Every structure is written in structure tokens, then in C-alpha cells.
Amino acid sequence: MLDTSPSRTTMAGLADDLSLALDTAWGHLMRGAADRRSGFHTIGLGTTGLDGTPQLRTVVLRRTDREQRELFLHTDIRARKIPEILAKPEVGVLGYCQDSKTQLRLSGVATIHHDDGIARAAWERAQEMSRRCYRVPIAPGSAIERPTDEPEALPVPGDPNAGFEAFAVVRVTIHRLEWLYLAITGHRRARYEWRDGALTATWLVP
Ligand SMILES: Cc1cc2nc3c(=O)[nH]c(=O)nc-3n(C[C@H](O)[C@H](O)[C@H](O)COP(=O)(O)O)c2cc1C
């Protein structure tokens with residue numbers, strides 16, 4: 001029986017249209033930032049360790065700006081990823097969404113925003129629960145003798161700015177996007193690259 005559900009017909013069209021596939025990929029990244037139930041709400045961020053080894057961790061995708069090809073993440077300025085990014089700003093981003101059967105594999109250049117306008121605007125938008133993470137007095141990743149159930153944040157009643165000094169925004173400007181869509185009828189894979197503002201796109205063997 002012919003499946004005429006909207007998602008099926010959309011995917012059928014998308015499967016052979018490079019530009020539509022790119023729209024869909026950015027749509028996933030926009031939704032990932034806006035909807036915590038999206039498979040792209042949490043993504044993998046890859047950096048190069050100071051010892052040259054690959055380093056991966058899960059982070060929340062906070063904002064996507066398609067126009068500028070930018071992704072925004074939040075982190076602690078004391079985190080290990082910060083000196084790694086400063087030493088080598090080239091990063092990888094990976095996401096997979098079970099619902100849409102889509103993998104997105106991105107390459108970009110990361111910039112750290114600390115105690116500037118971008119950090120301030122993101123801090124203003126952050127919920128109190130998120131801000132608390134940045135009030136931990138000891139740097140994340142520090143070795144401790146044993147786990148503690150102490151409140152992870154020192155309460156600073158009435159000071160919404162407490163923790164801001166540890167808060168950082170990582171802005172990733174994307175220059176390569178690889179879209180892989182898994183379908184019973186035939187997988188589809190495409191690569192998009194931006195160089196000097198010009199986009200080149202090509203299908204790849206999945
Ligand atoms: C579901 C999930 C979401 C996470 N979100 C973030 C995040 O938005 N920012 C962040 O810095 N770490 C986040 N983490 C923790 C990181 O995976 C990582 O442990 C931490 O950032 C330290 O990494 P680093 O030592 O390489 O800097 C998250 C972990 C999980 C499991």
C-alpha cells in the first residue's frame with residue numbers, strides 16, 4: 001500500500017534533491033536547539049586534546065543560526081575543552097536522530113565568548129537551573145577524593161550574576177556539513193562545503 005503520510009512524501013522528495021536535503025539538515029539543527037525532545041538537542045563535540053588525541057563529549061545545542069552557519073554551545077571556562085579549542089579551533093560536531101534516521105557530521109571553527117556581549121546575552125537567556133552549574137567553586141574535571149552530595153552550587157541568594165565569570169559560549173562556524181539519511185529504499189549521503197562564502201555540494205556513496 002502506498003504510504004502517503006507527510007513525513008514519507010517529504011523524505012521521498014528530499015532523497016534526490018541536494019538543496020532540499022540541506023534545508024532539512026539545517027531544520028534539524030534549528031529544531032535541535034529549540035526542542036529538547038529532538039535527537040539533535042544533544043550533540044557530540046570533538047576537539048583535539050593538548051596531547052594530540054581526539055576528544056569527544058556530549059553537549060547541548062543551545063542555538064542555531066543558519067544565516068551565519070553558526071552553532072552555539074554553553075560551557076565552563078575552566079573546562080578542558082577551552083584550552084583545547086584555543087590551541088586548535090578546528091572542531092567536529094556529530095548528531096544522530098533516531099526519529100528522522102539522520103546523521104549530521106559537521107566541521108567548523110570554534111570561537112570562545114567569555115565575559116562579552118554574546119556571553120552576557122546567553123547568560124540572560126539561561127535558566128537559573130543552568131546557571132547553578134557555573135557556581136561550582138572547583139573547576140570541573142578536577143580530581144576529588146570522593147563524590148559528594150553537597151549542593152553542587154554555592155547558594156548566592158539574590159545574585160543572578162553569580163557564576164557568570166565561569167560561563168562561556170562556544171560559537172562554531174560550520175564550513176562542512178555531511179548529511180546521511182538511512183532509508184530502506186536506499187540510503188542517501190551528501191556533503192556541503194563552504195569556502196570563501198561559496199557552497200559546493202555533492203552526493204556521496206552512502
Ligand atoms: C546529556 C548531556 C549534556 C551535556 N551538556 C553539556 C553542555 O551543554 N556543556 C558542557 O560543557 N558539558 C555538557 N555535558 C558534559 C560534557 O559531556 C563533558 O563531560 C564536560 O563538558 C567536560 O568536558 P571537557 O572536560 O572535555 O571540557 C553534557 C553531558 C551530557 C551527558
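The values are calculated or read from the model by the stated rules, or taken from the named source; none is laboratory data. Values in this document were obtained by computation on a predicted structure and should not be read as measured data. Cβ placement follows ideal geometry from the backbone for every residue including glycine, while neighbour counts extend to all protein chains displayed. Just the protein is used for accessible areas: all its heavy atoms, side chains included, with ligands, DNA and RNA removed. Shrake-Rupley method; radii C 1.70, N 1.55, O 1.52, S 1.80 Å.
Annotations for the structure displayed:
- Considering residues of the range 4-22 that are open to solvent by 70 Å² or more (accessible area, probe 1.4 Å) and charged (D, E, K, R) only, the residue modelled with the highest pLDDT: Asp16
- Checking the stated criteria, Ala153 turns out to be surrounded by 10 or more Cβ atoms within 10 Å (Cβ to Cβ) and modelled with pLDDT under 90.
- The range 38-77 - residue that is among the aliphatic types (A, V, I, L, M) and part of a loop (DSSP other than H, G, I, E, B) and, of those, surrounded by the fewest Cβ atoms within 10 Å (Cβ to Cβ): Leu50
- Among the residues making up the range 80-121, those that are open to solvent by 20 Å² or more (accessible area, probe 1.4 Å), over 19 Å from Arg31 (Cα atoms) and of a type in the set (D, E, K, R) are Arg80, Lys81, Lys88, Glu90, Asp115, Asp116, Arg120.
- With respect to the stated conditions, Gly117 is within 30 Å of Glu193 (Cα to Cα) and without any contact (Cβ under 8 Å) to a residue 12 or more places away in the chain.
- Given (1) surrounded by fewer than 16 Cβ atoms within 10 Å (Cβ to Cβ); (2) modelled with pLDDT of 95 or more; (3) more than 12 Å from the ligand (Cβ to nearest atom), number of the condition Ile138 does not satisfy: (2)
- Output for the range 45-85, where each listed residue is under 11 Å from the mean Cα position of the chain (by Cα) and more than 9 Å from the ligand (Cβ to nearest atom): Gly46, Arg63, Thr64, Glu70, Leu71, Phe72
- Hits in the range 186-199 - residues which are surrounded by 10 or more Cβ atoms within 10 Å (Cβ to Cβ), out of contact with any helix residue (DSSP H, G or I) (no Cβ under 7 Å at 6 or more places or on another chain) and under 19 Å from Gln68 (Cβ atoms): Glu193, Trp194, Leu199
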